[in-house]
Amino acid sequence: MQEWPIKEVARATGLTSRTLRHYEQIGLLYPSRVASNGYRFYGEAELSRLYRILSLRALDLPLATIRIALDDDTSLAETIQTHLALLEEHRDRTNQQITVVRQTLQAVQKGQQMSIEEVFAGVDQSQYETEVRQRWGDDAWERSAKRRDQMTDEGRRADDERSLDVNAALREAAESNVDPTSDAFQTIVGDHYRWVTEYWNGRKPDRDAYAGLSHLYVTDSRFAATYGGQANAEVIRTAIQSWIETNLP
């Protein structure tokens with residue numbers, strides 16, 4: 001029986017070895033065997049299960065729900081066939097999202113004023129999972145996902161509105177040329193820090209994590225666009241760095 005070491009599986013899927021071990025810890029995916037030196041290996045059955053996990057994660061299902069959905073034994077061929085059917089089913093949704101993103105891009109290129117809701121209209125948040133896990137660890141992502149899973153639909157809507165308000169306030173302050181070290185801007189950053197803590201389900205970012213987040217706002221064009229461009233993102237990073245020096249040990 002062919003087996004693949006955890007590093008190869010991680011490289012092929014884009015996951016981290018840490019994420020695969022986390023799946024094992026929560027009973028979602030076990031290796032086919034663990035060698036005496038602790039190295040983990042995965043066979044075809046495990047790859048089939050992992051394929052299904054990743055397919056369901058792409059549909060924004062929480063890990064707890066996925067674990068329930070994977071009770072039956074399915075071959076790799078059947079798994080891929082099911083995945084293909086799901087992809088075809090969601091093709092129209094993807095096409096609609098492409099249309100929205102294209103319209104957003106055209107509006108930005110023409111310099112049209114857009115609300116923050118319009119900017120975010122075409123964003124698929126699930127694309128950030130691996131990135132979050134790699135930068136801040138599995139716990140940050142799992143806490144955030146668990147928090148959202150436990151909310152009612154009304155609670156999610158309120159949570160989304162708060163997210164929009166917090167980020168819109170940062171953007172407005174940057175666009176209004178407010179001094180990033182001023183009390184007014186620092187108050188907004190404090191609210192942003194509390195929002196990040198809420199999103200991480202109570203885990204407060206330390207100095208490095210919060211500074212890394214502000215740096216990401218500048219270096220990642222997806223985030224910079226949210227705040228009206230890289231220049232605004234750099235102002236926001238300066239404000240966050242000032243807040244860190246004052247408030248985080």
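The values are calculated or read from the model by the stated rules, or taken from the named source; none is laboratory data. If you're wondering where the values come from, they're calculated on a predicted model, not measured in any experiment. Counting neighbours? That spans all protein chains shown, and the Cβs are built from the backbone with ideal geometry, glycine included.
Cβ-Cβ contacts under 8 Å between residues 6 or more apart (or on different chains), taken from a first residue in segment 198-213 that is within 18 Å of Arg156 (Cβ to Cβ) to a second residue that is at pLDDT 85 or above, are absent. All of Leu28, Leu59, Leu54 fail the test of being in the same structural domain as Leu84 (by TED's automatic domain parsing) and modelled with pLDDT under 85, apart from Leu59. Across segment 66-87, the qualifying residues are those that are surrounded by 13 or more Cβ atoms within 10 Å (Cβ to Cβ) and among the hydroxyl-bearing types (Ser, Thr, Tyr), and the one among them that is modelled with the highest pLDDT is Thr82.
Of everything in segment 182-209 that is within 17 Å of Ser163 (Cα to Cα) and of a type in the set (Ser, Thr, Tyr), the residue that is nearest to the chain's Cα centre (by Cα) is Tyr199.
Residues that are surrounded by 14 or more Cβ atoms within 10 Å (Cβ to Cβ) and under 24 Å from Lys204 (Cα atoms) within segment 163-173 comprise Ser163, Leu164, Val166, Asn167, Ala168, Ala169, Leu170, Arg171, Ala173, listed in sequence order. Within segment 210-249, being over 23 Å from the mean Cα position of the chain (by Cα), under 16 Å from Thr197 (Cβ atoms) and surrounded by fewer than 17 Cβ atoms within 10 Å (Cβ to Cβ) holds for Asn247, Leu248, Pro249. Taking segment 203-222 as the range and being polar (S, T, N, Q) and under 16 Å from Gly190 (Cβ atoms) as the test, only Ser214 passes.
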